[in-house]
Amino acid sequence: MMADGFIWYELITNDMDKAVDFYKKVVEWDVRDSGMPGMTYMLFGKDSKDVGGMMTWAGAGETGMPPVWMGHIHTAKLDEELKSVTADGGTIVKPAQDIPGVGRFAVVSDPQEVKYLLFEPGGAGAPPSRLGQGDAGNVGWHEMLTDDAAKAFEYYSKHYGWEKDFAHDMGAMGAYQTFRMEQPFPSGGMMNRKGPGMPEGIPPHWQFYFNVDDIEAAQKRVIDAGGTVTVPPMDVPGGSRILQGIDDQGGHFALTQGPKA
């Protein structure tokens with residue numbers, strides 16, 4: 001049985017036109033309207049393969065919230081998984097809802113208050129074809145900062161079948177534990193959010209790294225599009241290079257360039 005992993009990514013923002021313009025320039029996504037009745041929901045991806053969607057806080061029934069990226073984890077049995085989440089100390093933030101013709105979803109938080117979504121596809125809910133793990137435009141890395149990374153891994157491993165890969169020793173900050181979901185290569189890493197050299201005040205959260213072909217060129221696109229680079233291009237173990245930034249509406253995002261052959 002394959003592990004359940006992240007299968008959809010969502011930006012909830014305030015100004016849709018600005019968000020579309022920014023991420024089209026920076027990640028070079030193709031963006032189109034989903035045609036969903038009653039609300040504006042934009043789909044983004046590459047090569048006719050969707051990676052995720054964008055909606056506004058107003059469309060979600062909220063106002064004045066900062067932009068945020070969220071990820072949906074696949075589940076075959078949403079109702080059972082919601083019971084399991086709460087039994088293990090998690091919280092249901094938004095109960096299960098239907099998306100007609102697509103599937104069902106719910107918003108939850110894990111026992112350390114990191115939010116994510118659960119998605120149970122309907123008949124045509126799963127994208128028919130997906131970008132490869134390292135393809136430009138896809139999410140190439142999933143990173144969690146939390147209070148107790150070891151406990152976090154136990155939770156996600158139990159619930160979604162994720163497996164440990166290598167652990168990178170961060171010294172006094174503890175281990176950076178990488179993991180595999182359903183992919184052939186490591187899919188992400190977890191680390192403690194507090195420690196020497198870590199900025200103060202980072203809430204527990206998931207950070208998604210979008211694949212780009214050239215991180216230096218992408219850095220220029222971020223700045224040209226009105227964003228801010230908070231972590232300039234840097235090498236990470238395994239040969240990849242990463243960048244972290246803030247979009248022109250205050251939303252945090254990250255980019256990664258895979259190892260060069």
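The values are calculated or read from the model by the stated rules, or taken from the named source; none is laboratory data. This one's a predicted model, so the numbers in the text were calculated from it and none came from an experiment. Cβ atoms come from the backbone with ideal geometry, glycine included; neighbour counts cover every protein chain shown. We work out accessible area using only protein heavy atoms, side chains counted, and drop any ligands, DNA or RNA first. Shrake-Rupley method; radii C 1.70, N 1.55, O 1.52, S 1.80 Å.
Values computed for the structure shown
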{"quantity": "Tally, over segment 83-110, of residues that are touching a helix residue (DSSP H, G or I) at 6+ places or on another chain (Cβ under 9 Å) and crowded, with 18+ Cβ neighbours inside 10 Å", "calculated": "7"}
{"quantity": "Residue pairs meeting the criteria (Cβ under 8 Å; at least 6 apart or on separate chains; first at pLDDT 95 or above, in segment 30-58; second of a type in the set (Lys, Arg) and crowded, with 17+ Cβ neighbours inside 10 Å)", "calculated": "Asp30/Lys46"}
{"quantity": "Members of segment 195-229 found to be farther than 22 Å from Trp29 by Cα and either buried (at least 17 other Cβ atoms within 10 Å of the Cβ) or under 18 Å from the mean Cα position of the chain (by Cα) (or both), listed by number", "calculated": "Ile202, Pro203, Pro204, His205"}
{"quantity": "Subset of segment 4-40 [assigned to a loop (DSSP other than H, G, I, E, B) and open to solvent by 20 Å² or more (accessible area, probe 1.4 Å)]", "calculated": "Asp4, Asn14, Asp15, Glu28, Ser34, Gly35, Met36, Pro37, Gly38, Met39, Thr40"}
{"quantity": "Number of positions in segment 46-82 that are buried (at least 16 other Cβ atoms within 10 Å of the Cβ), of a type in the set (D, E, K, R) and within 28 Å of Val212 (Cβ to Cβ)", "calculated": "3"}
{"quantity": "Residue among Gln183, Gln133 that is open to solvent by 10 Å² or more (accessible area, probe 1.4 Å), polar (S, T, N, Q), touching a residue at least 60 places away in the same chain (Cβ under 8 Å) and not in a strand (DSSP E or B)", "calculated": "Gln183"}
